[in-house]
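Structure first, commentary second.
The values are calculated or read from the model by the stated rules, or taken from the named source; none is laboratory data. Quantities reported herein were computed from a predicted structural model and do not represent experimental measurements. A quick note on method: Cβ atoms are made from the backbone with ideal geometry, for glycine too, and the neighbour counts reach across all protein chains shown.
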Amino acid sequence: MRATLFVNPRSGKGGPSVDELASAARERGARVHVLGRHESLEELVREADADVLGMAGGDGSLGVVAAAAIERDVPFLCVPWGTRNHFAGDAGLDIDDPLGALEPLRGGRERRVDVGRVGDRVFLNNVSLGVYARVVHRRERGRRRGEALARLRALLRSLPEHRRSEQFVVDGRPVRASVLLVGNNEYRLDLLSLGERERLDEGLLTIYAARGLRRLEWTERRAERVRIESPSDRLRAALDGEPANLHPPLELRIDPGALRLLVPEAGHAAST
């Protein structure tokens, strides 16, 4: 098994160092590429000569490598190495044990999980429009300017807008929402936000619309496909928590069982 693991050194938060992670992966037979600041992950993964593609990074970089694994029909190794690790946690991996996520390199099993698609782009978690997407875009602009605490500043700037809703048309029905989110499978709703997913293999998108931030009023429905229209010719979106500019109408669909997720035999991943 020829495995290549890509590592985003700017994603890791605590835990083992980049060198420790890379060393552990090499001990298990993987080739390791630690991303340079100006390298293109899309180009590198496209050129990788491997039977297994892995990524140690946040949800955004995981999606890039997962999309390549789907296109090439090879297994995907997910190593939780980001701030939140939503996908890894929902897949049953121990997000506090990135070294444990390397164990499938010695012998694991495949688990088929769903991915979402917006146009030709893959998402592992969700696509969000509205207030949260604006926060993500402002955070990214702050990062590019080298601002400290860019995430907090972006949130504070968006708070005056929390009551402002936007007009969408979802499958032909007008919807006004401050947040419109399409999830890969169903999220558990808590008081203030979307929570975890119990399944990644039910074969359905879940569409959530909310008004406000302090007192959320959620509506939701489930479908295999959804079409989102907008009066705008460009929508600022957050795709797995990363900024994206999308051009409506947006055509979103579920791709059931498309991803061959490689997981440990036992101990670090829940069974389906």
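State yes or no: is Gly203 closer than 14 Å to Asp114 by Cα, modelled with pLDDT of 85 or more and in a strand (DSSP E or B)? Explain how you work it out, then say what you get.
Details: closer than 14 Å to Asp114 by Cα: yes; modelled with pLDDT of 85 or more: yes; in a strand (DSSP E or B): no.
Answer is no for this residue.
So, in the range 30-56, exactly how many residues are in a strand (DSSP E or B) and either more than 11 Å from Phe6 (Cβ to Cβ) or modelled with pLDDT under 95 (or both)?
So the count comes out to 1.
With respect to Glu43, determine if the residue is without any contact (Cβ under 8 Å) to a residue 12 or more places away in the chain and loosely packed, with under 15 Cβ neighbours inside 10 Å.
For Glu43, the condition - without any contact (Cβ under 8 Å) to a residue 12 or more places away in the chain and loosely packed, with under 15 Cβ neighbours inside 10 Å - is met.
Can you name the number of the only condition in (1) touching a helix residue (DSSP H, G or I) at 6+ places or on another chain (Cβ under 7 Å); (2) within 30 Å of Glu198 (Cβ to Cβ); (3) exposed (fewer than 15 other Cβ atoms within 10 Å of the Cβ) that Arg106 fails?
Going through (1) touching a helix residue (DSSP H, G or I) at 6+ places or on another chain (Cβ under 7 Å); (2) within 30 Å of Glu198 (Cβ to Cβ); (3) exposed (fewer than 15 other Cβ atoms within 10 Å of the Cβ) one by one, Arg106 breaks only (1).
In the range 14-34, which residue that is hydrophobic (A, V, I, L, M, F, W, C) and without any contact (Cβ under 8 Å) to a residue 40 or more places away in the chain is surrounded by the fewest Cβ atoms within 10 Å (Cβ to Cβ)?
The residue in question is Val34.
In a loop (DSSP other than H, G, I, E, B) and either touching a strand residue (DSSP E or B) at 6+ places or on another chain (Cβ under 6 Å) or crowded, with 18+ Cβ neighbours inside 10 Å (or both): is that true of Ser11 in this structure?
Yes; evaluated as a whole, the condition is true for this residue.
Among the residues of the range 81-100, are any closer than 21 Å to Asp51 by Cα and without any contact (Cβ under 8 Å) to a residue 12 or more places away in the chain?
Among the residues of the range 81-100, not one is closer than 21 Å to Asp51 by Cα and without any contact (Cβ under 8 Å) to a residue 12 or more places away in the chain, which makes the answer no.
Give just the number: which of (1) assigned to a helix (DSSP H, G or I); (2) under 21 Å from the mean Cα position of the chain (by Cα) does Val74 not satisfy?
Looking at each condition in turn, Val74 falls short on (1).
With the structure loaded, tell me whether Glu196 is surrounded by fewer than 18 Cβ atoms within 10 Å (Cβ to Cβ) and either at pLDDT 95 or above or closer than 16 Å to Pro256 by Cβ (or both) or whether it fails that test. Spell out how you get there, then give the answer.
Numbers: surrounded by fewer than 18 Cβ atoms within 10 Å (Cβ to Cβ): yes; either at pLDDT 95 or above or closer than 16 Å to Pro256 by Cβ (or both): no.
Considered against the rule, which asks whether it is surrounded by fewer than 18 Cβ atoms within 10 Å (Cβ to Cβ) and either at pLDDT 95 or above or closer than 16 Å to Pro256 by Cβ (or both), Glu196 comes out as no.
Can you find a residue that is within 16 Å of Ala244 (Cβ to Cβ) and modelled with pLDDT of 90 or more anywhere in the range 105-116?
Yes, the range 105-116 contains a residue that is within 16 Å of Ala244 (Cβ to Cβ) and modelled with pLDDT of 90 or more.
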